[in-house]
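Have a look at the structure below, then the notes.
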């Protein structure tokens, strides 16, 4: 392997603060996150909402979810920008080594799981589309495995590869997604949107907001925000993606489903004779999203195996995600979005609260010095997860014991903040 290639692969900031030479602007952050947002499961999520809900309640739900996700992402993103650390290193300082070992495994599973789900959905749609276009009967498992490995290549390069792919993919994806919607609006007008009635089993605005917010793991935002030059760059990038692009994307796909009467965005695009362009959208959407999934997965693995280069961990994580996709792991996607929010929003709440109240533990000289378990932050996180689980309806794999705000992501986030304040005020923890 040549020295120049090794230099590109050897990203040196996985176990230390980001160097100034690697800092980026808000445009990089916004583009990368939008590239991650535009993915086939999100297309399907928006189409599902469009088929079940009236138009304006759908818009309200996704906008509220994007706002909630944005607020949580901004506060965790600022922590990443100030410290220059990855999410896993911040979590280790917050919860101690033992707490980190427990919680970080959930991040690894989530990142690899997201990668597998994305690749699974892509492979299924690819097999279906090629059969429709050219009559090819491709086997699912090899398509899923090979696709996953191919998508891993740019994440292996690191943040440079992710940014370059997103700069290419995002404008093309937006144009190709908007085209059938414009055609339908010119044909039928917008009246069908306003007249759309909700089905009997339509989700509530609060449930939609919880699902929309749960699609983002706020505690992983530092993996990208650590590259920002200023806090303002963090805010700009997150507002553009979470609060604007994300709700707009869901609204567009929901409107497309309402006007076409379909529930599969890729099938709708094929019906408008997009053909090969539909496959391009499908592939680039999945690739640009999976880059950030597997990149974060490798970063969370890095503290467990500090002697192994990050690019090798990325390749290993991508291979695991590809195997999971080949076995077909896509199931209960909508419920899984809610459970993601319940699990990870308390982690985001506690790590943020701890940084702003006790920033001395996140100084460069303190990295790795906190041993054992920091019981108060860990207990606050567990309590927030339990509150969120109990507030989640039983029909959505929750406890269904009570209802608070109706948005379980908010419930678990605030419960963790209150618990952290109570525990740290009443008990003096020891490092």
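The values are calculated or read from the model by the stated rules, or taken from the named source; none is laboratory data. For clarity, every value in this text was computed on a predicted model and none was experimentally measured. Note: ideal-geometry Cβ built from the backbone for every residue, glycine included; neighbour counts use all protein chains shown.
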Check: Among the residues of segment 257-277, how many are at negative phi and assigned to a loop (DSSP other than H, G, I, E, B)?
Finding: 5
Check: Given the conditions (1) surrounded by 14 or more Cβ atoms within 10 Å (Cβ to Cβ); (2) at pLDDT 75 or above, and given that residue 135 satisfies all but one, which numbered condition is not satisfied?
Finding: (1)
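Which one of 95, 107 is surrounded by 23 or more Cβ atoms within 10 Å (Cβ to Cβ), under 16 Å from residue 346 (Cα atoms) and at pLDDT below 85?
Being surrounded by 23 or more Cβ atoms within 10 Å (Cβ to Cβ), under 16 Å from residue 346 (Cα atoms) and at pLDDT below 85 holds for just one of 95, 107, which is 107.
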Next item on the list: Determine whether residue 131 is within 16 Å of the chain's Cα centre (by Cα) and free of Cβ contacts under 8 Å to residues at least 60 places away in the same chain.
Entry: no
Item checked: Residue satisfying condition, being assigned to a helix (DSSP H, G or I) and either more than 23 Å from residue 52 (Cβ to Cβ) or modelled with pLDDT under 70 (or both), within set 175, 208 -> 175
Next item on the list: Say whether the condition of being surrounded by 14 or more Cβ atoms within 10 Å (Cβ to Cβ), within 18 Å of residue 71 (Cβ to Cβ) and modelled with pLDDT under 85 is met by at least one residue in segment 391-410.
Entry: yes
Item checked: Conditions (1) more than 20 Å from residue 249 (Cα to Cα); (2) in a loop (DSSP other than H, G, I, E, B); number of the one not met by residue 203 -> (1)
Check: Looking at this structure, is residue 189 under 23 Å from residue 249 (Cβ atoms), modelled with pLDDT under 80 and in contact with a strand residue (DSSP E or B) (Cβ under 8 Å, 6 or more places away or on another chain)?
Finding: no
Next item on the list: Give me a count of the residues in segment 52-74 that are surrounded by fewer than 20 Cβ atoms within 10 Å (Cβ to Cβ), under 18 Å from the mean Cα position of the chain (by Cα) and in contact (Cβ under 8 Å) with a residue 60 or more places away in the chain.
Entry: 1
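Assess whether residue 151 counts as being in contact with a helix residue (DSSP H, G or I) (Cβ under 8 Å, 6 or more places away or on another chain), modelled with pLDDT of 90 or more, assigned to a helix (DSSP H, G or I) and buried (at least 21 other Cβ atoms within 10 Å of the Cβ).
No, not satisfied.
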Next item on the list: Would you check if there is a residue in segment 326-333 being surrounded by 20 or more Cβ atoms within 10 Å (Cβ to Cβ), farther than 19 Å from residue 128 by Cβ and more than 20 Å from the chain's Cα centre (by Cα)?
Entry: no
Margin query: Whether any residue in segment 327-343 is in a helix (DSSP H, G or I) and at pLDDT 90 or above is what I want to check.
Written below: no
Next item on the list: Identify the single condition in (1) buried (at least 20 other Cβ atoms within 10 Å of the Cβ); (2) part of a helix (DSSP H, G or I) that residue 240 does not satisfy, given that it satisfies every other one.
Entry: (1)
Notebook entry, point to check: Quick check, is residue 254 within 24 Å of residue 117 (Cα to Cα), assigned to a helix (DSSP H, G or I) and in contact with a helix residue (DSSP H, G or I) (Cβ under 6 Å, 6 or more places away or on another chain)?
Noted result: yes
Notebook entry, point to check: Of everything in segment 75-92 that's in a loop (DSSP other than H, G, I, E, B) and surrounded by 24 or more Cβ atoms within 10 Å (Cβ to Cβ), which residue is modelled with the lowest pLDDT?
Noted result: 86
